[in-house]
1. So what's the back-of-envelope 222 nm ellipticity for the protein assembly as shown, counting only DSSP H runs of four-plus at -39500 (n - 2.57) apiece and dividing by all residues, rounded to 500?
2. So if I take the alpha carbon set of the stretch A:174-290, get Rg, then get Rh from the Kirkwood formula, what is the Rg over Rh ratio?
3. Can you list residues from other chains, or at least 5 along the same chain, whose modelled amide H is less than 5 Å from the amide H of B:ARG207?
4. For B:GLU53, enumerate residues with amide H under 5 Å from its amide H, sequence gap 5+ or separate chain, H modeled in the peptide plane.
5. Restricting to the protein assembly as shown, compute how many DSSP beta bridges are antiparallel as a %, nearest 5.
6. By DSSP, what percent of the beta bridges with both residues in chain B are antiparallel, rounded to the nearest 5?
7. Leaving out ligands and nucleic acids, and using a 1.4 Å probe, what accessible area per residue does chain A come to in Å²?
8. Per residue, what accessible area does the stretch B:71-141 have, given a 1.4 Å probe and all protein chains present, in Å²?
Amino acid sequence: MKLRTIRYFFKEAFVNLFRNGWMSLASIGAVASALIIFGSFLMISINFDYIAKNVESQVEITAYVEDSVDKLRLNQIELGIKSIDGVKEVVFVSKEKALEEFKKQVGEELLEGIENPLPNSFRIKVETPQEVAGVAERIQKIDGIEEVKYGKGVVEKLFKITYWMRLVGLAVMAIFAAISVFIISNTIRITVFSRRREISIMKYIGATDWFVRWPFLLEGMILGFSGSLIAIALLAAGYSYLYNMVKLNVPMIPLLRLEEFYDYSLGLLLMGTFLGAFGSGFSVRRFLRV
Amino acid sequence: MLIEMYGVTKIYPGGQVALKDINLKISKGEFVFIVGPSGAGKSTLIKLIFREEVPTRGQIFFAGKNISRLKRREVPYLRRRIGIVFQDFRLLPEKTVYENVAFAMEVVEASYKDIKRKVPQTLERVGLLHKANARPSELSGGEQQRVALARALVNNPDILVADEPTGNLDPDTSWDIMNYLDDINKRGTTIIVATHARELVDSMKKRVIQLEKGSLVRDEERGVYGK
C-alpha cells in the first residue's frame, strides 16, 4: 500500500468524523460510557479475585497428631502427607514450637508453669485452593492423625462467590461490548449512508473493497480509541480515589495497585479500538455489494 | 476480440427475463449502439459487461478472459479497463471538476505525478480545462457529462461503456456529447452506447445492435435505429 493512499485514508476518516461532528461526539461518549461501566465491572471483579486469591493463599490445613505417636511414626506421617497429590508444602510444628507461638499470642505470664497442652501438628499448604477439602479428607485417614482443621465452609463459600463473580463479570462484559459495537456501527452507518453515492462511484471506477473500507474502518477505530481514552482517564481517576480511600479507612483489604490498573487500561484501549473497527466493518459490508 | 457473449441469458430473481440467448462479438476499436425500447434489456447488457450483474446462463469474455467466472476480488481490476458513463452523470457535488477526475486516479492508486499530468490533459480533451475549479452544480448538463467522460477516460480504459449518456440532455448538447464520443473512438477507444436517441443513431452510421424483449433482433454495420 502506498504512503499516499494511507494518507488519503486518514484524511477521509477525519473528514467523515468532522462532517458528522455531533454524531461522532455522541458515539465517542457512548463508547466511553460503555467502557466505563464495563471497566468498572472489570476492576471490581479483578479486585474481588485479587482479594479472594489473597484469602485463598492463606487457607491452610492444620493436622493435629495424636499424643501417643512416636518420633519414627511422625516421620512416616509427614512422608504420607507429602505423598498426597496436590500438597505443596508440609511444615512440622512441634509441641514446643506451638506453645511458643501460643505464648506470643496470649502473653508469656499467663502460661507460666503449666504443662504443655498442645499437640504436635503439621501445617499443610496445597497447590490450588480448590483442593483443600479433598486433601484434608485424605490426611484425616492417615493413622495417628487426631484431627484435621481448615477453613471449612469459608473456603467453599469463597469459591462459589468468585465463580459467580467471574461468570456475571463475563456476561456483563459481553453485553457492554455488544452495546458498544451497536453504537459505533450505527454512527458509521450514517457516514456510510451519506457517502453511499461516492462508494458506488468508487466501485464503478474500480476501487478494491479494501480501498473503500479503510477510511470507514479508521473512522470506527478512531471513535473507539477516543472513547476508550476518555473511559481510561475517568476510570483511573475514580480508581485512584477509591484506592486511597480504602487504604486510609480499611487498610487490611488488599487491593490491586494503581500501576497494575494501567496494564488493564492498555487492554481497554485495544478493545475499544477493536470494537470500533468491528462496528464499522459491520456497516460497510452492505454497501460494498455493487 | 474485446467482448464475446455466448448464449447469455439473464433472469433476475423474481423471474423477470431481461436477456435471452444473446450472442455477440465486439472488436477492439468498434463503436456500437445498443438500441431498443425501455425494458428491452439494454441496461442489463451494459451491466453484464462491467460485471455489475452476472449472467444466469452463458459465457462472457472480456479480452479473452471469462468474466462470468470472475472472483469478487478480481472485479475491480476488470473495471479499471472499462470507463463507465451514466445518464445521471454521477459526479461528486462537493468536489471540483478537477477533483472529480483526479478521484478516479486516486481510487486506483495512481502516483501524484501521474495525476497532475493526466487530469489537465484529459480535461483538455473534453474542452473543460478552463472549468477545472468549478463545482458540478455550476456547470450545464452537457458540461457535467463531459466531466463524467473525462473521469471515465482518465485511466486509459480499453473500452468506454455509456448507458443513455444523452438521456438527460437537450438535442444540441446530445450532439455535442456524441461528437466527443466519436472523437474518443477515433483515438482508439472501443465504445458501446445504449441509447434511445433515434436521430443520433441514424446519422452516426455506426454498428447497431437492436434488442427487443430481451432478444437480439438485429445486428447491423452502419445501421440505423430502425422502425
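1. Working: 16 runs with 284 residues, N = 517.
Here the helix-only value at 222 nm equals -18500 deg cm²/dmol.
2. Working: Rg = 19.6 Å, Rh = 16.2 Å.
My calculation of the ratio gives 1.21.
3. The answer is B:PHE31, B:PHE33, B:ARG222, B:GLY223.
4. When sequence neighbours closer than 5 places are left aside, the close amide H contacts are B:LEU48.
5. Numbers: 32 of 49 bridges.
Here the antiparallel bridges make up roughly 65 percent for the protein assembly as shown.
6. On the way: 18 of 35 bridges.
Antiparallel bridges: around 50 percent, rounded to the nearest 5.
7. Details: 16260 Å² over 290 residues.
Solvent-accessible surface per residue comes out at 56 Å².
8. Numbers: 3450 Å² over 71 residues.
It amounts to 49 Å² per residue over the stretch B:71-141.
The values are calculated or read from the model by the stated rules, or taken from the named source; none is laboratory data. Source: prediction; values computed, not measured. When we count neighbours, we look across all protein chains shown, and the Cβ atoms used for this are built from the backbone with ideal geometry, even at glycine. These area figures cover heavy atoms from the full protein model, side chains too; ligands, DNA and RNA do not enter into them. Shrake-Rupley method; radii C 1.70, N 1.55, O 1.52, S 1.80 Å.
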